[in-house]
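Scroll down for the structure; my scribbles are underneath it.
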Amino acid sequence: MLKKEKLAISKVPANDMEAMKSNLMGLFEKKRCMNFYKYIENIEPGDTKTYKDLDLPNIPMTDVYKKYKLEEQTIDFLGHAVALHIDDSYLTQPALPTLEKMNLYLDSIGRYGDSPFLYPIYGLGGLPEAFSRLCAIHGGTYMLNTQVDEILMEGGKVTGIRSGDVTATAPLVICDPTYTMTDGQSNYTKPVRKVIRAICLMNHCIPHTNNAQSI
């Protein structure tokens with residue numbers, strides 16, 4: 001998602017969001033969800049007055065959902081599709097970080113199209129571009145077309161990489177498994193799961209999505 005810049009553009013009104021137009025939510029649930037959206041879009045992390053009567057840094061996220069009486073299906077959508085949590089452990093954790101993620105989602109809608117995400121719009125090339133920007137902001141170095149000659153190991157743990165006569169140290173190396181192979185074999189990797197991907201060319205919209213462009 002985009003980095004939050006409050007002066008760049010005003011937020012999309014809650015009733016204009018796709019969730020409000022979906023037939024997957026009933027009329028009363030849409031009203032509750034819209035009230036929830038209005039609440040989180042006014043939250044300022046450094047201003048406790050915007051928390052209203054909730055102690056967001058300390059109460060679990062479940063308490064916030066209960067206050068707005070949201071249904072389980074809506075909670076699943078908000079937690080995983082909006083806040084991008086990969087499991088439900090966030091429900092018992094302090095609510096403020098999750099609400100900040102949702103706020104970022106709201107800030108990102110309408111910046112460069114109907115989707116809050118950049119990569120469907122500009123293709124997968126937007127991901128390394130975004131990574132390189134964040135890398136530079138946090139003082140990192142981003143090198144293109146650099147040969148990796150060796151992954152350095154010490155005591156069974158990775159310590160960095162070597163490229164020619166130059167070494168770069170790091171406590172973690174994220175790479176394609178082929179970088180760890182010598183003569184077609186690797187002593188550093190093991191398969192733990194498989195992912196099947198598919199591209200589907202369809203002559204119709206996905207049912208029950210109200211022709212949403214972000215699907």
*Listed residues Leu27, Ala198, Thr159: farthest to the positive end of the dipole of the chain (Cβ charges)*: Leu27
*3J(HN,Hα) from dihedral phi, the range 23-31, Karplus parametrisation 6.51/-1.76/1.60, rounded to Hz, x for glycine, proline*: 8, 7, 10, x, 4, 5, 5, 4, 5
*Given the pairs Lys101/Lys194; Lys30/Lys66; Lys38/Lys69, which are separated by over 25 angstrom at their Cα positions?*
Lys101/Lys194
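What FRET efficiency, computed as 1/(1 + (r/R0)^6) with R0 = 30 Å and r the Cβ-Cβ distance, is obtained for Thr169 and Phe117, rounded to the nearest 0.05? Please list the in-between numbers first.
On the way: r = 33 Å, r/R0 = 1.10.
So, using R0 = 30 Å, E works out to roughly 0.35.
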*Could you size up the charge dipole of the chain around its Cα centre, putting +1 on the beta carbon of Lys and Arg and -1 on that of Asp and Glu, and report it in debye to the nearest 20?*
520 debye
*Once you list every other residue whose beta carbon is under 14 Å from the beta carbon of Thr167, what net charge do they have if Lys and Arg are +1 and Asp and Glu are -1?*
-3
*Amide H neighbours of Tyr68 under 5 Å, at least 5 residues apart or on other chains, H built in the peptide plane: list them.*
none
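Say R0 is 22 Å: what FRET efficiency, to the nearest 0.05, do Asp47 and Gln93 get from their beta-carbon distance?
Result of the calculation: an efficiency of 0.55.
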*Could you point to the residue in Leu106, Leu84, Pro128 farthest towards the positive end of the range 71-129's charge dipole, with +1 and -1 charges on the Cβ of Lys/Arg and Asp/Glu respectively?*
Pro128
*Kirkwood Rh (inverse of mean 1/r, distinct Cα pairs), the range 90-159, angstrom*: 15.9 Å
*Nonlocal amide H pairs with Val158, under 5 Å, H built at 1.01 Å*: none
*Measure nothing fancy, just the Cα-based angle from helix 126-137's long axis to the longest principal axis of the chain, in degrees from 0 to 90, nearest 10.*
80 degrees
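List the GluC sites (Glu not before Pro) within the range 32-114 that DSSP assigns to loop and that have no more than 15 neighbouring Cβ atoms inside 10 Å.
Glu71
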*Taking the Cα centre of the range 43-147 as origin, work out the dipole magnitude from +1 charges on Lys and Arg Cβ and -1 charges on Asp and Glu Cβ, in debye rounded to 20.*
240 debye
*Starting with the highest mean, order 81-93, 146-158 by the number of other Cβ atoms within 10 Å, averaged over the residues of each peptide.*
81-93, 146-158
_Under 5 Å between amide hydrogens, which residues at least 5 positions from Thr167 or on another chain qualify, with H placed 1.01 Å from N in the peptide plane?_
none
*asked:* Could you derive backbone 3J(HN,Hα) for the range 169-178 from the dihedral phi with the Karplus parameters 6.51, -1.76 and 1.60 (θ = phi - 60°), listing whole Hz in sequence and x where the residue is Gly or Pro?
replied: 8, 6, x, 8, 10, 9, 8, 5, x, 5
*Alpha carbons only, please: Rg and Dmax for the chain, in angstrom.*
21.9, 65
_If each residue of separation counts as 0.36 nm, what is the full-extension length gain between Met153 and Ile59 once their alpha-carbon separation is subtracted?_
29.5 nm
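Only the coordinates and a few stated rules stand behind these numbers; no lab work does. The structure presented is a predicted model; accordingly, all values stated were derived computationally and were not measured. Cβ sites come from the backbone with ideal geometry, for glycine too, and all protein chains shown count toward neighbours.
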